[in-house]
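Colleague: I am attaching a structure below and will ask some questions about it afterwards.
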Amino acid sequence: MKTKKLVIVGGVAGGASAAVRARRLSESLDIVVLERGHHVSFANCGLPYHIGGDIAQREALLLHTPESLHARFALDVRVNHEAVAINRQAKTITVHDHAQQRHYEESYDSLLLAPGAAPIRPPIPGIDDPRVFTLRNVSDMDSLLAALTPDVRKAAVIGAGFIGLEMVEALHQRRLDVTLIERDSQILIPLDAEMTAPLVETLRQKQVALHLGDGLTAIERSERLQLSLASGKKIEADIVLLAIGVRPESTLAREAGLELGIGGAIVVDAQQRTSDPAIFAVGDAVQVKHVVSGQPTLLPLAGPANRQGRIAADVIVGGHAAYRGSQGTAICKLFEQTAGATGMNEKALKAAGIRYRRLFLHGNDHASYYPGATPISMKLLFSAEDGRILGAQAVGQNGVDKRLDVLAVAIQAGMTIDDLAEMELCYAPPYGSAKDLVNIAGMAAQNLASGLLSLTEPEAVASAVAAGALLVDVRQPEEVARETIPGAINVPLPQLRSLAETALPKKRPLVVYCQVGLRAYVAQRFLQQSGWSVSSLNGGYRTWRMFQTVNG
């Protein structure tokens, strides 16, 4: 029997997408949306950018109102209405109307839960001070903006994930002195530590005080907030923003007896159906299957929430659809830098026991001879067995999104390093190069897989030297004079063929490097075919420097 009445708990990405998709598919369906907040459809990812002034008009964040959704889609949208209990046997929801301060029962044929995820507020002393904020919705944004009076000079951001970094920039743009505190040893956990090095350097250039590997333990209330860290350090702040992560809002589901999984997230099948066939769930509150590993995980992102809402609506009205899974494609702007990732990072691959190989690459966002080219650093992770793309990370000023989008598609399509090498991508000097960085990644990975390229990893340089290897810098003398790895000898690539026999002992293994790896590969191929035992430094001096930046 087809659904006659659909009740949706929660709006924003997942709930609102489900509501409008269901209406497009069925004019006869009775659709009720219950939103406990005041705003049912808003751009929550845009909140930091309004705080920082990039989005000037607050109204630009408000995508739809109850009135506009009713006028366009005939939806019964009730804001300030909170679902407080589910009676699965009777197929009813107990709803609290905050405006009227009353409870009532709402029946359903199908129920969709889209409650999202709530910011984590750890139970530490002083955390309930009114000068301590989180950022989840428009009301949170309004409260924070109201608190940014002229006498507020110092801000502390707790947590260096996507929201934390975006808020660091926003508060810095408002001319506040900003301190960033992160309990982990690195910022932006979806990336591997070394790939965050350009972001760390940017934070230091912007005079953001950065405290890594140090957690907040207490907040003492005084004229200014006094923050105590695990290390014993004390930080002063006029306001504090908590951005230490989110947890699934699954209380309603748990109390209704629905199956829960990782971190209390709601377990759903590929059709977004919960353990009760009449109840569906989407968005940040649900557990998803990772596209790469096939394992359950939590990936609270707006894109997946929208797609899940669409799929759930299709199924509810009698159609056939299935969610393929999530792969964690995400991106972040931090001042002039952009950083992002897709698929699994190296930490996750190790934890999952998946055999992989890695490559570090550095290139430009477009042809170097066309004015304005800026560098991109990329990390490619691929299967050691079949060359399938497992993950990628990139950081740079321009063009990062383009490369990650291509690689995200490659991962979802199950493509391999051979496919990257053969991709035909847009080329004109203002936009790219004849061999795009994605192509180069595939070609270099082919060389590595076939044995043409032999690598020494940046973090293994010291141990290689201790074991007797000789470091050989094949850059030009003027480059070496600016910066080099201690202990390396310089044999410039143009002179390598004439100097190798006298300058390089054949009894010692060699590790050759240049700035980003290309010249070193040319040197390695010559030396290897001429009798030397030689490898190239993965990603060259630039990658080695990135490791040094994040490891002190």
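The values are calculated or read from the model by the stated rules, or taken from the named source; none is laboratory data. Note that the coordinates shown come from a computational prediction; the quantities given were computed from them, not determined experimentally. Positions of Cβ are backbone-derived with ideal geometry, glycine not excepted, and every protein chain shown enters the neighbour counts. Heavy atoms of the whole protein, side chains included, go into the accessibility calculation; ligands, DNA and RNA do not. Shrake-Rupley method; radii C 1.70, N 1.55, O 1.52, S 1.80 Å.
Colleague: Condition first: assigned to a strand (DSSP E or B) and among the charged types (D, E, K, R). Can you find one or more residues in the range 188-195 that meet it?
Modeller: Scanning the range 188-195, I find no residue that is assigned to a strand (DSSP E or B) and among the charged types (D, E, K, R), so the answer is no.
Colleague: Here is a list: R21, R78. Which entry is assigned to a strand (DSSP E or B), open to solvent by less than 60 Å² (accessible area, probe 1.4 Å) and of a type in the set (K, R)?
Modeller: Step by step, each of R21, R78 is checked, and only R78 is assigned to a strand (DSSP E or B), open to solvent by less than 60 Å² (accessible area, probe 1.4 Å) and of a type in the set (K, R).
Colleague: Starting from the range 302-330, take each residue that is under 18 Å from A392 (Cβ atoms) and open to solvent by 40 Å² or more (accessible area, probe 1.4 Å) and list its partners that are of a type in the set (A, V, I, L, M) and part of a helix (DSSP H, G or I), counting only C-beta distances under 7 angstrom and pairs at least six apart or across chains.
Modeller: T329/L404; T329/A408
Colleague: Sticking with this one: For the range 196-216, which positions are open to solvent by 30 Å² or more (accessible area, probe 1.4 Å), of a type outside the set (K, R) and part of a loop (DSSP other than H, G, I, E, B)?
Modeller: Q207, G213
Colleague: Further, regarding this structure: Residues of the range 348-387 being among the basic types (K, R) and under 29 Å from G432 (Cα atoms), which ones?
Modeller: R357, R358, K379 - these are the residues of the range 348-387 that are among the basic types (K, R) and under 29 Å from G432 (Cα atoms).
Colleague: On the given criteria, is L420 more than 30 Å from V7 (Cα to Cα), assigned to a helix (DSSP H, G or I) and open to solvent by less than 10 Å² (accessible area, probe 1.4 Å)?
Modeller: So L420 passes the test.
Colleague: Under the condition of being over 21 Å from C332 (Cα atoms) and β-branched (V, I, T), which residue from the range 135-178 is surrounded by the fewest Cβ atoms within 10 Å (Cβ to Cβ)?
Modeller: T149
Colleague: Inside the range 344-375, can you point out the residues that are buried (at least 21 other Cβ atoms within 10 Å of the Cβ) and in a loop (DSSP other than H, G, I, E, B)?
Modeller: M344, N345, D365, H366
Colleague: Yes or no: L69 under 33 Å from the mean Cα position of the chain (by Cα), surrounded by 15 or more Cβ atoms within 10 Å (Cβ to Cβ) and part of a helix (DSSP H, G or I)?
Modeller: yes
Colleague: If the requirement is being under 30 Å from G10 (Cα atoms), surrounded by 15 or more Cβ atoms within 10 Å (Cβ to Cβ) and of a type in the set (V, I, T), which of these qualifies: I189, I235, I181, I219?
Modeller: When all the criteria are applied, what remains is I189.
Colleague: Is it the case that some residue within the range 74-97 is over 17 Å from L252 (Cα atoms) and free of Cβ contacts under 8 Å to residues at least 12 places away in the same chain?
Modeller: no
Colleague: A further question follows. Is it the case, given these coordinates, that L334 is farther than 25 Å from A160 by Cβ, buried (at least 21 other Cβ atoms within 10 Å of the Cβ) and either without any contact (Cβ under 8 Å) to a residue 24 or more places away in the chain or hydrophobic (A, V, I, L, M, F, W, C) (or both)?
Modeller: For L334, the condition - farther than 25 Å from A160 by Cβ, buried (at least 21 other Cβ atoms within 10 Å of the Cβ) and either without any contact (Cβ under 8 Å) to a residue 24 or more places away in the chain or hydrophobic (A, V, I, L, M, F, W, C) (or both) - is not met.
Colleague: Scan the range 238-253 for residues that are open to solvent by less than 20 Å² (accessible area, probe 1.4 Å) and either β-branched (V, I, T) or more than 20 Å from V157 (Cβ to Cβ) (or both) and jot them down.
Modeller: Passing the criteria: I239, V240, P248, S250, A253.
Colleague: Related question: What residue, of A160, A83, A170, A118, is assigned to a strand (DSSP E or B) and within 29 Å of the chain's Cα centre (by Cα)?
Modeller: Checking each option against the conditions leaves just A118.
Colleague: Does the range 110-130 contain at least one residue that is among the charged types (D, E, K, R) and crowded, with 17+ Cβ neighbours inside 10 Å?
Modeller: Checked against the condition, which is being among the charged types (D, E, K, R) and crowded, with 17+ Cβ neighbours inside 10 Å, the range 110-130 yields no hits at all.
Colleague: Within the range 337-352, is there a residue that is hydroxyl-bearing (S, T, Y) and touching a Ser or Thr at 6+ places or on another chain (Cβ under 9 Å)?
Modeller: The answer is yes; a qualifying residue exists.
Colleague: Also, I was wondering about something else. Criterion first (surrounded by fewer than 19 Cβ atoms within 10 Å (Cβ to Cβ) and part of a helix (DSSP H, G or I)) does P494 satisfy it?
Modeller: Criteria met by P494.
Colleague: Identify all residues within the range 24-39 that are of a type in the set (D, E, K, R), in a loop (DSSP other than H, G, I, E, B) and under 21 Å from N137 (Cβ atoms); write none if there are none.
Modeller: Across the range 24-39, the qualifying residue is only R36.
Colleague: Quick one: in the range 497-530, of everything that is of a type in the set (S, T, N, Q) and over 21 Å from M443 (Cα atoms), which residue is surrounded by the fewest Cβ atoms within 10 Å (Cβ to Cβ)?
Modeller: This residue is T502.
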